[in-house]
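Asks: Before I ask anything, let me first share the structure, which is written out below as structure tokens.
The values are calculated or read from the model by the stated rules, or taken from the named source; none is laboratory data. This structure is a prediction, so every number in the text was calculated from the model and none was measured. Cβ placement follows ideal geometry from the backbone for every residue including glycine, while neighbour counts extend to all protein chains displayed. Keep in mind that these areas ignore ligands, DNA and RNA; they rest on the heavy atoms of the full protein, side chains included. Shrake-Rupley method; radii C 1.70, N 1.55, O 1.52, S 1.80 Å.
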Amino acid sequence: MQVWLRRALWDVVPRDQRDTAEGLRRRQVVTVAVAVVGALVLGWSIRLDPGDSLFYVGTFALAAVWTVGAFVSGRLHLGRIAFGDRLTRPVLTPLVIGFGLAGVFVAGALVVRQIPWLDEQVRSVLDFADQGSVPLLVLITTVNGIAEELFFRGAAYAAVPRHPVLWTSLAYLVVTLATGNVMLAFAAALLGVLCGLERRASGGILGPILTHVSWSVTMLLVLPLVFA
């Protein structure tokens, strides 16, 4: 288990993905501009009333902002991790990490629901799940999870020459704070660091995407049962 986690989150695989100086500057400008626009769209969409059809428009618009910004910024890489004596695309490991993190959050939710202020914060987000179509919400959650990782662990990570795990995790936290929801920000902080470490180890976005999506879809489906 220790070796497995080290390869997934810590051991850096060899790669050469450096941008030219001009490419790095372009990526940095695009990243800053997209982060500002994304924060504004996120803040607007999360403040809509549960059941409002504009919520779906806003969430898909946000995914479009992250995705377009990621690909406009420059090259993106899927990444590889060590498996035995060879390098392979990270698939199973990120899924296990995502579901494991979800289990930790579900256990924590049993405590959170006993604290009125935090309970209210979580329920304000779950109201959207109660009022919306579950299949559509799963689709939205999946699409936005992919889009966020394309941008934060793809474009933004590559735009930061030093300490990218720290700075992209902080950026993800700051953007999430636009929702005004403390519990969402707390989740973003933990998820951001974990996905950042996966990005650092693998050199790509596939691992972070799979971890993010497996975690967020599990939260969408399980948390309403915990807070019922």
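Asks: Can you give me the number of residues within region 160-191 that are in a helix (DSSP H, G or I) and either under 15 Å from Gly108 (Cβ atoms) or open to solvent by less than 50 Å² (accessible area, probe 1.4 Å) (or both)?
Replies: Looking only at that region, the number is 21.
Asks: Follow-up question, since we're still on this one. Inspect all residues belonging to region 138-149 and state whether any of them is under 28 Å from Val3 (Cα atoms), buried (at least 18 other Cβ atoms within 10 Å of the Cβ), hydroxyl-bearing (Ser, Thr, Tyr) and touching a residue at least 12 places away in the same chain (Cβ under 8 Å).
Replies: no
Asks: Starting from region 108-128, take each residue that is over 12 Å from Val226 (Cβ atoms) and among the acidic types (Asp, Glu) and list its partners that are open to solvent by 30 Å² or more (accessible area, probe 1.4 Å) and not in a helix (DSSP H, G or I), counting only C-beta distances under 7 angstrom and pairs at least six apart or across chains.
Replies: Asp127/Pro50
Asks: Would you say Gly79 is modelled with pLDDT of 90 or more, touching a helix residue (DSSP H, G or I) at 6+ places or on another chain (Cβ under 7 Å) and at positive phi? I'd like the intermediate steps shown before the answer.
Replies: Numbers: modelled with pLDDT of 90 or more: yes; touching a helix residue (DSSP H, G or I) at 6+ places or on another chain (Cβ under 7 Å): yes; at positive phi: yes.
For Gly79, the condition - modelled with pLDDT of 90 or more, touching a helix residue (DSSP H, G or I) at 6+ places or on another chain (Cβ under 7 Å) and at positive phi - is met.
Asks: Something else about it: Look through region 81-105, keep the residues that are over 18 Å from the mean Cα position of the chain (by Cα) and without any contact (Cβ under 8 Å) to a residue 60 or more places away in the chain, and return whichever of them is least open to solvent (accessible area, probe 1.4 Å).
Replies: Thr88
Asks: If the Cβ limit is 6 Å and pairs must be 6+ apart or interchain, which residue in region 48-67 that is touching a residue at least 24 places away in the same chain (Cβ under 8 Å) pairs with which residue that is acidic (Asp, Glu) and open to solvent by less than 50 Å² (accessible area, probe 1.4 Å)?
Replies: From residues that are touching a residue at least 24 places away in the same chain (Cβ under 8 Å), the pairs are Trp66/Glu148.
Asks: So how many residues does region 192-215 have that are in contact with a helix residue (DSSP H, G or I) (Cβ under 8 Å, 6 or more places away or on another chain) and not in a helix (DSSP H, G or I)?
Replies: 1
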